[in-house]
Amino acid sequence: MGKPNRKHRAAKQRARYGGADFPGMPAGAEGRPPTAEEIGNAILAAAMESARRGARGGSAQRDPVVVFAGRLAADDPLVHEVELGVHLAGQHLMTRAFRNGWLPADIQQAARRRVDDFAVSFLIDTMADSVRPFAPATVDETWVAQLGELAADAWWSDSSPHFGQWAAKHMLTAAEALITVIEALALLILLPKLELIRPLPGTARPMAAVPHHVDERVLGRVRGLLAKAESTSFPEEAEALSAKAQELMTKYALDRVLVDADTAVPDLPGARRMWLDTPYTDAKALLIDVVAKANRCRAVFSSAWDFMTIVGDDADLDAVELLSTSLLVQATRAMIANGDKASRNDKASRNDKASRNEEARSRTFRKSFLVAYATRIGERLDAATAATIAESAEPERLLPALASHEIAVDAAFDTLFPQARNRGITIRSAAGWDAGRVAADRARLDLRPRPDGG
């Protein structure tokens with residue numbers, strides 16, 4: 001090939017692969033097609049641009065990411081190096097996310113809030129592929145459980161790269177698939193560094209002690225009580241059932257604290273994350289926080305990403321997760337029912353009813369309602385826990401054991417979050433606050449018959 005022809009081919013390569021837009025991918029010397037590594041670097045550069053500008057920012061025809069994807073997908077079928085480049089870019093950023101403390105469930109939760117279902121599926125596949133090289137015994141049980149819940153498995157054939165098979169599975173064109181991948185990788189770039197709360201794949205110790213989880217029989221009873229609480233339309237019954245669930249978990253936990261106090265190797269604190277759906281995430285976070293405190297745990301809220309990190313023993317974390325999830329359902333239902341009640345007030349005039357109904361459905365009222373509900377539930381849970389401790393058979397042994405347990409949880413929390421600070425929540429509706437406390441006060445936490453027979 002003559003020198004002019006080689007220059008012409010190199011110019012065509014640069015035009016096709018968009019080297020001017022994303023300098024991470026040179027066209028190669030003397031017209032050489034770019035390697036998979038060079039294409040992977042260009043995809044990373046495109047993802048960085050997408051993260052900077054926002055996915056699909058501006059006109060689709062003028063978006064450099066869209067233009068780049070179109071050029072990269074110009075060959076049909078896709079060039080093998082392009083598919084390998086996608087794999088390299090995906091594995092690089094997924095490994096980075098793992099090392100930055102993101103667990104599989106965290107990545108899926110963040111993705112479903114910010115990218116489409118196709119991008120979520122690509123990220124789940126990439127997670128499954130990232131864990132494959134590690135021996136099962138060296139993968140932490142939390143990772144195994146979360147990957148299982150996400151159905152993250154290597155469904156594709158190893159005879160060809162994953163990218164082409166994934167695109168065909170979702171009936172995406174090559175350009176559409178590349179744009180989706182770039183948006184998914186842009187999300188990974190945006191993920192901040194988190195606390196590493198579970199061992200990375202490949203580093204879990206096969207002989208490590210198995211954490212104490214709640215006995216399945218106890219969990220079964222608790223789940224049954226909470227299911228009834230969520231299904232009933234009577235607030236008093238729902239709260240009473242929830243209180244009974246809390247009582248069961250507290251008694252079980254106190255028994256376990258005494259057992260651990262007599263063993264040489266007590267259960268060490270762990271950590272979990274709970275993701276919250278909008279709206280009113282700060283009010284919902286407060287509800288989780290009060291449940292965590294009542295169950296001997298500490299919690300911190302990440303307002304930028306809407307999740308709570310809870311620190312405590314595994315059995316206590318099980319209790320917090322179960323009770324918080326159920327109470328969030330019940331609190332939301334009580335909030336909505338309060339608005340419906342305002343609209344059914346027969347004694348008020350039509351204008352008063354309309355005004356009251358409008359206020360009960362406003363954002364300020366509902367947020368204030370949830371904050372008050374959480375605050376009052378926290379007070380009652382603390383009182384119920386104190387009563388359970390007082391009624392225990394061995395309070396003289398239990399109190400020192402609980403104090404030691406609290407010190408261990410505080411130390412673990414301070415290690416993970418040395419700069420955590422308490423932050424208040426502004427209340428802008430007195431009516432919402434009052435209604436929330438009334439709703440929480442209707443709860444019957446002791447389950448004993450009332451003097452009036454109620």
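The values are calculated or read from the model by the stated rules, or taken from the named source; none is laboratory data. Just so it is clear, the structure is predicted and the values come from calculations on it, not from any experiment. With ideal geometry, Cβ positions are generated from the backbone for all residues, glycine too; neighbour counts draw on all protein chains shown.
Computed values, structure above
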| read-out | value |
| --- | --- |
| For A393: the one exception among (1) farther than 19 Å from G312 by Cβ; (2) out of contact with any Gly (no Cβ under 6 Å at 6 or more places or on another chain); (3) in contact (Cβ under 8 Å) with a residue 40 or more places away in the chain; (4) not hydroxyl-bearing (S, T, Y) | (3) |
| First in segment 364-384 and within 16 Å of S326 (Cα to Cα), second anywhere and surrounded by fewer than 23 Cβ atoms within 10 Å (Cβ to Cβ) and among the aromatic types (F, W, Y), Cβ under 8 Å, 6 or more apart | L370/Y280 |
| Selection status of W156, in a loop (DSSP other than H, G, I, E, B) and modelled with pLDDT of 95 or more | yes |
| Residue match in segment 112-120 (condition: over 22 Å from P199 (Cα atoms), in contact with a Phe, Trp or Tyr (Cβ under 8 Å, 6 or more places away or on another chain) and of a type in the set (F, W, Y)) | no |
| E216 among the acidic types (D, E), at pLDDT 95 or above and either in contact with a strand residue (DSSP E or B) (Cβ under 9 Å, 6 or more places away or on another chain) or under 22 Å from G270 (Cα atoms) (or both) | no |
| One residue from L147, L188, L172 being assigned to a loop (DSSP other than H, G, I, E, B) and either aliphatic (A, V, I, L, M) or in the same structural domain as R96 (by TED's automatic domain parsing) (or both) | L172 |
| Pick from segment 396-413, criterion touching a residue at least 60 places away in the same chain (Cβ under 8 Å), out of contact with any Leu (no Cβ under 9 Å at 6 or more places or on another chain) and not hydrophobic (A, V, I, L, M, F, W, C), ranking: surrounded by the fewest Cβ atoms within 10 Å (Cβ to Cβ) | P400 |
| Flag if V320 is crowded, with 22+ Cβ neighbours inside 10 Å and either at pLDDT below 80 or not in a helix (DSSP H, G or I) (or both) | no |
| Search result, residues across segment 274-307 that are of a type outside the set (V, I, T), farther than 16 Å from R113 by Cα and part of a strand (DSSP E or B) | R298, A299, F301 |
| Any hit, segment 243-256, residues being modelled with pLDDT under 90 and touching a strand residue (DSSP E or B) at 6+ places or on another chain (Cβ under 8 Å) | no |
| Any hit, segment 288-303, residues being at positive phi and either of a type outside the set (D, E) or touching a His at 6+ places or on another chain (Cβ under 8 Å) (or both) | yes |
| In segment 130-144, the residues that are assigned to a loop (DSSP other than H, G, I, E, B) and in contact with a Lys or Arg (Cβ under 9 Å, 6 or more places away or on another chain) | D140 |
| Count - residues of segment 128-155 that are out of contact with any Gly (no Cβ under 9 Å at 6 or more places or on another chain) and farther than 16 Å from R205 by Cα | 13 |
